[in-house]
Every structure is written in C-alpha cells, then in structure tokens.
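Asker: Below: one structure in structure tokens.
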Amino acid sequence: KIYLEGMLQAEADRLSNQARFITEKCDKSLVVENKKRKIMIDELVNRGYAADPVKEWKRRIKADDAEEEVDEEEAEEAAEDVKPSKASKKDVKVDPEKAFQKLSDYKKYDYLLGMSMWMLTDERKNELLKQRDQKLDELRIVKSKSPRKLWTEDLDALVMKMDEVENKERLE
C-alpha cells in the first residue's frame with residue numbers, strides 16, 4: 001500500500017510541476033530562453049520545483065531495496081558465523097546519494113526543460129491538471145482502503161482475468 005501511495009503521489013507531483021511550469025512560461029513569469037543551464041536550474045529550485053519526483057521516488061525505492069539486500073546478506077553471514085569482509089560490503093553497498101549527485105543538475109529537470117514547444121499550450125496544461133486530479137483521486141481511494149481490502153481486490157481481479165483466459169482457451 002505504501003509503495004502504491006508513494007508512486008501515485010510522485011506522479012501527481014510531477015504532473016503538477018509540469019502544469020505550473022507551462023503556466024509560468026506562458027504568462028511570462030518564467031523565462032528560460034537565453035539563460036545558462038546552471039542559472040535556469042537555480043531559478044527552478046528557487047521557485048520550488050523539485051527534481052523529477054517520479055525518478056526521485058524510484059531512486060529512493062532502489063536505495064531501500066539495496067539496503068534490505070545488504071541487511072539480508074549480513075544476517076545470512078552472521079547465521080553462518082562468518083564475518084563479512086570489508087571488500088564484499090563495499091562491492092555490494094553503493095551510496096545512492098553520491099551516485100545520484102554525480103548526475104548533472106539539468107538531467108534532474110529534464111521532465112520540465114525537455115518538454116517540446118507543443119507542450120506549452122493551454123490544452124496541454126489542462127490535460128496535465130486533469131491527469132493530476134485523477135492521480136490524486138486514485139491516491140485518495142488507495143489511502144481510504146486497508147491493505148487487506150487492496151489485497152482482496154487484487155485477488156478478485158486476478159481470478160476474473162484467469163476465468164476470462166480459461167474461457168477463451170476453451171472456445172479455441
């Protein structure tokens with residue numbers, strides 16, 4: 001449930017930022033032309049734009065997964081009464097913060113600065129806001145359900161799909 005909530009929130013944040021970027025660009029309160037990338041990124045940060053929320057969320061999930069793998073390996077080694085060597089720990093664990101910081105700043109904002117000129121229309125802005133509202137509605141629904149209810153719904157959907165496939169196979 002937490003995974004799904006995080007994903008939906010990150011997607012909604014991304015859509016909100018894109019719509020706000022289009023609005024600010026169109027009403028000329030944000031000017032990107034004839035500026036160096038570093039200055040443009042600094043301005044986006046000062047205006048409260050985050051690095052791509054979806055990519056940042058995925059990075060955090062990967063970092064959490066990597067940390068869990070290291071913890072599991074250490075537990076297995078401890079159970080076998082074998083001391084983990086420093087070299088093997090180094091090979092397994094990579095500091096995700098340092099790895100992420102190695103990316104250039106402008107790559108973090110490609111979801112905004114990489115949009116084509118066609119994206120800078122009122123229609124596209126409204127479509128992004130509509131998609132954001134749908135994500136937020138989906139998030140609200142997920143938050144209102146218990147993990148058990150979500151699990152039951154997933155199982156029901158799986159059974160329905162399996163019945164559909166079996167019926168199709170019988171007909172063939």
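The values are calculated or read from the model by the stated rules, or taken from the named source; none is laboratory data. In this text the structure is predicted, and so the values were computed from the model without any measurement. Cβ atoms come from the backbone with ideal geometry, glycine included; neighbour counts cover every protein chain shown. When the accessible area is computed, the model is the full protein with side chains, heavy atoms only, and any ligands, DNA or RNA have been set aside. Shrake-Rupley method; radii C 1.70, N 1.55, O 1.52, S 1.80 Å.
Asker: Checking Pro53 against (1) surrounded by fewer than 18 Cβ atoms within 10 Å (Cβ to Cβ); (2) closer than 26 Å to Asn126 by Cβ, only one condition comes out false. Which one?
Answerer: (1)
Asker: Inspect all residues belonging to segment 2-14 and state whether any of them is open to solvent by less than 70 Å² (accessible area, probe 1.4 Å), touching a residue at least 24 places away in the same chain (Cβ under 8 Å) and of a type in the set (Phe, Trp, Tyr).
Answerer: no
Residues checked against (1) part of a helix (DSSP H, G or I); (2) within 16 Å of Ala10 (Cβ to Cβ); (3) at pLDDT 75 or above:
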{"position": "Lys62", "(1), (2), (3)": "yes, yes, yes"}
{"position": "Glu77", "(1), (2), (3)": "yes, no, no"}
{"position": "Asp91", "(1), (2), (3)": "yes, no, no"}
{"position": "Met115", "(1), (2), (3)": "no, no, yes"}
{"position": "Glu127", "(1), (2), (3)": "yes, no, yes"}
